Ligand SMILES: NC(=O)c1ccc[n+]([C@@H]2O[C@H](COP(=O)([O-])OP(=O)(O)OC[C@H]3O[C@@H](n4cnc5c(N)ncnc54)[C@H](O)[C@@H]3O)[C@@H](O)[C@H]2O)c1
């Protein structure tokens with residue numbers, strides 16, 4: 001995939017899947033704005049600059065409208081345009097529903113779903129104006145099939161899918177595509193927290209016989225961000241080793 005001259009924002013890209021996405025987009029030639037709520041973002045931006053590509057970090061909370069406004073403004077001021085938005089930032093606060101607090105519900109909905117609305121809304125006008133744009137949001141297989149103990153997370157991830165399909169319909173005629181990726185179980189800090197017995201049980205349910213890697217997800221993002229994927233919109237691409 002050739003993304004030379006493209007400018008990308010990747011939210012939550014200080015580590016894990018987001019970091020792999022930022023590095024792969026940069027490898028393909030894009031200038032990348034690395035966002036995270038944590039200062040790790042700067043390390044990733046430095047790594048990209050060491051590859052000889054352009055990158056800048058912006059520490060911002062993507063569930064806050066003023067933070068999102070300054071993220072998008074920094075990207076536009078520095079690079080003059082935004083072509084690719086990857087909504088990747090996400091958290092989980094797992095709890096059986098009967099014990100789930102309002103705070104656990106609200107936090108996950110705000111960071112995993114409201115952020116997708118805020119960031120997409122903020123980049124859409126310039127993308128429509130330039131008649132080219134790619135919105136790629138990281139959902140989850142949990143948003144498709146549900147998971148006990150993750151009602152908040154499943155609601156947010158399923159919400160991303162409905163949101164994506166609606167935005168795709170709104171902007172398809174303007175050269176802007178909106179797609180979601182639904183990863184299965186990917187080997188990152190999110191899944192490394194699980195006890196080994198639970199990891200093995202998960203692996204036994206995956207036909208490919210392994211957890212996914214962050215790079216498996218990043219490759220799918222790169223494809224959807226490319227010129228070649230211009231006729232694909234409103235889709236959910238599952239990257240789960242055949243699990244669902
Ligand atoms: N790991 C998996 O198995 C898996 C599976 C399906 C979907 N996903 C999704 O992929 C995405 C990345 O997951 P990961 O496994 O790399 O997780 P991770 O916890 O390793 O990374 C998430 C990143 O998002 C950042 N972040 C959190 N809140 C933020 C905020 N408010 N603003 C900006 N950044 C924020 C964190 O600091 C962190 O760097 C998430 O949306 C997650 O739900 C992960």
Unmet requirement for residue 130, which otherwise passes all of (1) within 12 Å of the ligand (Cβ to nearest atom); (2) closer than 22 Å to residue 227 by Cα; (3) surrounded by fewer than 20 Cβ atoms within 10 Å (Cβ to Cβ): (1)
Any hit, region 19-35, residues being surrounded by fewer than 22 Cβ atoms within 10 Å (Cβ to Cβ), in contact with a strand residue (DSSP E or B) (Cβ under 9 Å, 6 or more places away or on another chain) and modelled with pLDDT of 95 or more: no
Among residues of region 3-32, those that are under 15 Å from the mean Cα position of the chain (by Cα), at positive phi and either away from the ligand (no atom under 15 Å from the Cβ) or assigned to a loop (DSSP other than H, G, I, E, B) (or both), counted: 1
Meets criteria (more than 10 Å from the ligand (Cβ to nearest atom), out of contact with any helix residue (DSSP H, G or I) (no Cβ under 7 Å at 6 or more places or on another chain) and not in a loop (DSSP other than H, G, I, E, B)) for residue 201: yes
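Being at negative phi and in contact (Cβ under 8 Å) with a residue 40 or more places away in the chain narrows it down to one of 152, 147, so name that one.
Residue meeting the stated conditions: 152.
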Qualifying residue in region 126-135 (condition: touching a residue at least 60 places away in the same chain (Cβ under 8 Å), in contact with a helix residue (DSSP H, G or I) (Cβ under 9 Å, 6 or more places away or on another chain) and not in a helix (DSSP H, G or I)): yes
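Matching residues to (1) part of a loop (DSSP other than H, G, I, E, B); (2) more than 13 Å from the chain's Cα centre (by Cα); (3) closer than 19 Å to residue 119 by Cβ:
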position: 34; (1), (2), (3): no, no, yes
position: 41; (1), (2), (3): no, yes, yes
position: 58; (1), (2), (3): no, yes, yes
position: 63; (1), (2), (3): yes, yes, yes
position: 93; (1), (2), (3): yes, yes, no
Hits in region 36-53 - residues which are surrounded by fewer than 17 Cβ atoms within 10 Å (Cβ to Cβ) and either closer than 22 Å to residue 132 by Cβ or more than 8 Å from the ligand (Cβ to nearest atom) (or both): 39, 43, 46, 47, 49, 50, 51, 52
Residue 81 more than 17 Å from the chain's Cα centre (by Cα) and closer than 19 Å to residue 225 by Cβ: yes
Flag for residue 82 being in a strand (DSSP E or B) and either within 16 Å of the ligand (Cβ to nearest atom) or modelled with pLDDT of 95 or more (or both): no
Yes/no for residue 214 being closer than 23 Å to residue 60 by Cα, touching a helix residue (DSSP H, G or I) at 6+ places or on another chain (Cβ under 6 Å), in contact (Cβ under 8 Å) with a residue 24 or more places away in the chain and within 12 Å of the ligand (Cβ to nearest atom): yes
Residues located in region 60-88, provided they are in contact with a helix residue (DSSP H, G or I) (Cβ under 6 Å, 6 or more places away or on another chain) and farther than 14 Å from residue 127 by Cβ: 60, 61, 62, 63, 65, 68, 88
Within region 137-193, tally of residues that are modelled with pLDDT of 95 or more, assigned to a helix (DSSP H, G or I) and either in contact with a helix residue (DSSP H, G or I) (Cβ under 9 Å, 6 or more places away or on another chain) or near the ligand (Cβ under 8 Å from one of its atoms) (or both): 21
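The values are calculated or read from the model by the stated rules, or taken from the named source; none is laboratory data. Predicted model only: the values in this text are computed from it and were never measured. In this analysis, Cβ positions are derived from the backbone assuming ideal geometry, glycine residues included, and neighbour counts consider all displayed protein chains.
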